[in-house]
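Reading through the structure tokens given below for one structure.
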Amino acid sequence: METLQRALEPYRHFDPAGWLGLFRFLPMWAGLVIAALGVGMLLRGGGALFRAVAGPLGLVIGQIWIGPLAARLGFGSQQPQIALGASAVLCLLGFAMPASAVFFGFGIPIGLMAANLAGPSDWLLGFVPAFIIGGALGVVLERPISVLLASLAGGWLTLVGLMAALSPFIPGAVDQLAGLWPAGVAVASCFALAGFGYQLFVLPPPEKAAQLKREKVLARRAAAEKKSMEKRWANYTKTSGKE
């Protein structure tokens with residue numbers, strides 16, 4: 001557990017070099033697994049695999065915004081407990097209903113910005129409608145948002161996983177890339193851009209894919225029924241000819 005905390009510590013703040021250094025904590029087999037997961041997120045992450053992003057996203061939302069929101073609403077003394085409980089709930093909601101992560105991820109920051117503009121006296125009046133409108137806007141744009149988030153996560157996981165998997169074979173090249181974190185971020189961004197373009201412009205949307213799947217099932221069923229009918233008719237004709 002202590003090793004995991006040290007590995008993830010840079011992700012608590014802006015530390016790109018530390019983010020990239022995560023590969024040093026991963027054995028080669030784990031790097032291969034993470035790279036495979038990253039490729040899956042790049043190719044299909046905007047669909048069913050988005051749950052793998054929405055769950056951790058809910059956890060991050062709870063850790064970043066729920067605590068300050070609770071303090072602003074007068075629950076400052078219970079802020080750590082509320083943030084912890086909300087993080088767990090939002091994480092579970094993200095896995096169960098991925099759209100909830102998008103709703104809260106858009107709604108809370110937009111609500112906070114509107115509340116700050118409204119001022120202390122009308123803080124709640126500014127927060128609530130902006131939170132609802134912002135969350136609804138996020139849900140409406142769920143498809144491109146989910147594809148973008150999945151592509152960003154997939155690009156980063158692919159890069160870190162490949163670095164961990166290749167480190168035993170070409171340690172010099174991997175360490176050099178780790179030392180130049182802008183280059184690493186650029187490589188991950190290229191992966192993410194390719195995945196985003198592929199999922200958004202090449203793959204059909206989930207609704208369209210489900211419709212095509214249903215049409216294929218119905219076509220196979222109709223073909224099987226036609227074949228069965230032709231077989232029964234042939235048997236009937238053969239029997240009638242004998243009579």
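Quick note: the coordinates plus some simple rules give every number you see, no bench work behind them. The structure presented is a predicted model; accordingly, all values stated were derived computationally and were not measured. Here Cβ is always computed from backbone atoms with ideal geometry, including for glycine, and neighbour counts include all displayed protein chains.
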Query raised in the report: Expressed as cubic angstrom per residue, what is the convex hull volume of the alpha carbon set of segment 121-226?
Result: 185 Å³
Report summary line: If R0 = 35 Å, then Leu73 and Leu141, at their Cβ-Cβ distance, give a FRET efficiency to the nearest 0.05 of 0.80
Query raised in the report: Which whole-Hz couplings ³J(HN,Hα) result when phi for each residue of segment 139-156 is put into the Karplus expression 6.51 cos²θ - 1.76 cosθ + 1.60, θ = phi - 60°, listed in order with x for Gly and Pro?
Result: 5, 4, 9, 4, 4, x, 5, 5, 5, 5, 5, 5, 5, 4, 5, x, x, 5
Requested in this report: Sort Trp156, Trp65 so the one with the fewest other Cβ atoms within 10 Å of its own Cβ comes first.
Outcome: Trp65, Trp156
Report task. May I ask for the angle, rounded to the nearest 10°, between helix 79-96 and the longest principal axis of the chain, with both axes built from Cα atoms and the value confined to 0 to 90°? Result -> 10 degrees
Query raised in the report: In degrees from 0 to 90, rounded to the nearest 10, what is the angle of the helix 51-61 Cα long axis to the longest principal axis of the chain?
Result: 20 degrees
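Let me have the 222 nm mean residue ellipticity of the chain computed from DSSP H runs of 4+ only, each contributing -39500 (n - 2.57), with the sum over all residues rounded to the nearest 500. Don't jump to the answer; show the numbers that get you there.
Working: 12 runs with 195 residues, N = 243.
That comes out to -26500 deg cm²/dmol.
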Query - Inter-site label distance for Tyr11 and Glu230 at 7 Å from Cα along Cβ, in nm - result: 5.6 nm
Query raised in the report: R0 = 22 Å: FRET efficiency of Phe169 with Arg24, Cβ-based, nearest 0.05?
Result: 0.90
Requested in this report: Quick one: grab the alpha carbon gyration tensor of segment 7-99, order the square roots of its eigenvalues as a ≥ b ≥ c, and give me rounded if a/c is under 1.5, else prolate or oblate depending on whether a/b is larger than b/c.
Outcome: oblate
Query raised in the report: Tell me, what is the percent relative contact order of the chain, built from C-alpha pairs under 8 Å that lie six or more residues apart?
Result: 26 percent
Query raised in the report: Could the peptides 164-176, 184-196 be put in order, highest first, of the mean number of other beta-carbon atoms found within 10 Å of their residues?
Result: 184-196, 164-176
Requested in this report: Work out, in µm²/s and without decimals, the Stokes-Einstein translational diffusion coefficient of segment 2-201 at 4 °C, 1.567 mPa s, Rh from Kirkwood over C-alpha pairs.
Outcome: 71 µm²/s
Query - In the chain, lysine pairs closer than 17 Å at Cα, eight or more apart or cross-chain - result: 5
